[in-house]
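The values are calculated or read from the model by the stated rules, or taken from the named source; none is laboratory data. These numbers come from a predicted model, not from an experiment. FYI the Cβ positions are ideal-geometry reconstructions off the backbone, even for glycines, and counts take in every protein chain you see. For the accessible areas, the whole protein counts, side chains as well, though only heavy atoms, and no ligand, DNA or RNA atoms are used. Shrake-Rupley method; radii C 1.70, N 1.55, O 1.52, S 1.80 Å.
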Amino acid sequence: MLALLELLQAGGTRTVAELAERLGVDDRTVRRYVEHLRELDIPVDAVRGRYGGYRLARHYRMPPLMLTDEEALAVVWALLFDRRSHAGPASSLTVDNAMAKVRRVLPDALARRIDAVLETVDFTGVPSAGGRDGERVNPRGHRDARTLLDLAEAARDRRLVAFDYQPHQGRSGQRQVQPHGVVAHRGLLYLTGFDVDRRALRTFRLDRMAGLQVRSDTFAARGDMDPVAQVVGPLTAAPWRHEVSVLINADPAYVQTRIPDTLASVTPVSDATGGDGWLRVFLRAERLEWVAATLAALDRPFVIEQPPALHDVVHELGRRLIEDSARRTITGEGPRPSRSSQ
């Protein structure tokens, strides 16, 4: 009956045959459901004729919170974001009151799922338009809102999850993870947890997950877990070879255009080299050549603190740049274009 009401709320006139097909019942059951709705003082009009059927009475306003799981999640998500960002017009108290009212009117089963979202989801901040560093929200809404709801419940109840995962590079494969929490960061959702097979902390993007299964196996909670730090902090367990610390004379926002805060920590340092405006940037990297190229792209004064090997890599990059520049000056021309590009 509630499913019928939801169909009628979408507007327009629905034939008995259409409603029966959508609900998976026969025509007689549809008519019985309509009578039940009328007994509840919900005005359902019968429309006669070739294109007849049922519709809600014109100008009738439905109860405000007859929501599907996804709709309830959308409402709570907006309130969560408003509370964490402080960007909305309402006070924190008003947002909390609205959240409590929404929670009270939801069915018990859905309310428990929404509670899991409230307990396990964190935000790192307010994303800029379109996301920073070129990231955008997945057009399919992170595949499915139910994935988020299932992961939130698994993280709250400390249940093992399994899913197929497609990394940025490499082949896809199944992962078994002890979920710690979900973090919204720059327009994307990330699951943080302990990868059972790899025996290491890992972070997974929800839009790259498929075939989620919540297992009955449980695990003990670890009190030192910080999902936000695992997503944005530079100390996340990862197979990086080099720990790098560099002082850079630049604005933090400018540094983060070249070095995302998912890879590095940026901390102001007073009078680090006898002047103001210096930052200590700490990161982990697989290749020092990438660090040297990034420092060159920043085009700001810097001082290498560690590792010592980075000095040699930067010197080598500078030598090659000088040689290439001199070579073009001597010959007066650069490399000739290939025939295919002419």
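Just a few scattered comments:
- Normalised Debye scattering of segment 1-80 at q = 0.13, 0.19, 0.22 Å⁻¹ gives log10 I(q)/I(0) of -0.44, -0.83, -1.03, counting only Cα atoms as equal scatterers and leaving out solvent.
- Solvent-accessible area of segment 1-82 (1.4 angstrom probe, protein heavy atoms only): carbon and sulfur portion equals 51 percent.
- Net charge of Cβ neighbours under 14 Å - reference D197; Lys, Arg +1; Asp, Glu -1: +2
- Ordering of 220-228, 159-167 by packing [mean C-beta count within 10 Å, highest first]: 159-167, 220-228
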